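The structure under discussion appears below in the form of structure tokens.
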Amino acid sequence: MKTTKKGFTLIELIVVIAIIGVLAAILVPSMLGYVKKSKVSSANSTASTLQKAINTTLIEIDEETQDAGSITRIDHAKNATTVTVTGLPSGTTANAIWAKIENYMEKAKKLKFVSECEGAACKAVAVALDDTYTGTAPGGVVTVDNYKSYNNTNDGTLSKALSGAVVKAS
């Protein structure tokens, strides 16, 4: 009785490994593009959510003081416990405004953002998720093609992104 061994030869295993290597070499670069696109989209989505939180806050402030139209800018540093408000109406504080924003968007504290307001409404927002990805509302300012020019390690990057968003909103 003759016994035969079943299994793969070394050559067959090397060919399979080579095919897997070629497929990985093709897929990895295309997957990296999806990751960048996803992060830019996430940054823009975060900016849009923050804009809605600021607008809701401004409506509440206007109901309380009837003077939210005097607010022209709201700035926040990452992990800060309050915001800087330009045109703060009498009868309210920056801490009260921050509490309202944080009430509508819990992760706002972890963000660095600037916003421009006009007529008791948030016109545009620029948000830095990290040192690489910045987002704006309205969207379309920061894209996969130009996100590196809005890299947050440069001073004034958020102002540049905010300026683009203001132009887009107008």
State the extension gain, in nm to one decimal, for the chain segment bounded by Lys148 and Val16, taking 0.36 nm per residue of separation less the distance between their alpha-carbons.
43.7 nm
Using each residue's phi in segment 24-31, evaluate 6.51 cos²θ - 1.76 cosθ + 1.60 at θ = phi - 60° and report the 3J(HN,Hα) Karplus result to the nearest Hz, with x for Gly and Pro.
5, 5, 7, 7, 4, x, 5, 5
Apply the Karplus parameterisation 6.51 cos²θ - 1.76 cosθ + 1.60, with θ equal to phi minus 60°, to every residue of segment 51-61 and state each ³J(HN,Hα) to the nearest whole Hz, in sequence, with x for glycine and proline.
4, 5, 5, 5, 4, 5, 4, 5, 5, 5, 4
Alpha-carbon centroid distance for the pair segment 6-46 / segment 76-130, whole angstrom:
41
What FRET efficiency, computed as 1/(1 + (r/R0)^6) with R0 = 25 Å and r the Cβ-Cβ distance, is obtained for Lys168 and Asp75, rounded to the nearest 0.05?
0.80
At 0.36 nm per residue, minus the direct Cα-Cα distance, what do Asp131 and Thr3 gain on full extension? Give it in nm, one decimal, please.
39.6 nm
Links exceeding 19 Å between C-alpha atoms in this model, out of Lys39/Lys148; Lys52/Lys168; Lys52/Lys100; Lys39/Lys110; Lys36/Lys107, come to Lys36/Lys107
Amide H contacts under 5 Å for Leu111, restricted to residues at least 5 apart in sequence or on another chain and with H modeled in the peptide plane, are Asn79
For Ala124, enumerate residues with amide H under 5 Å from its amide H, sequence gap 5+ or separate chain, H modeled in the peptide plane.
Glu116
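Here, each number is a calculation from the coordinates, and none is a lab measurement. Being a predicted model, the structure only gives us computed values, none of them experimental. Reconstructed Cβ throughout: ideal geometry from the backbone, glycine too, with neighbour counts over all protein chains shown.
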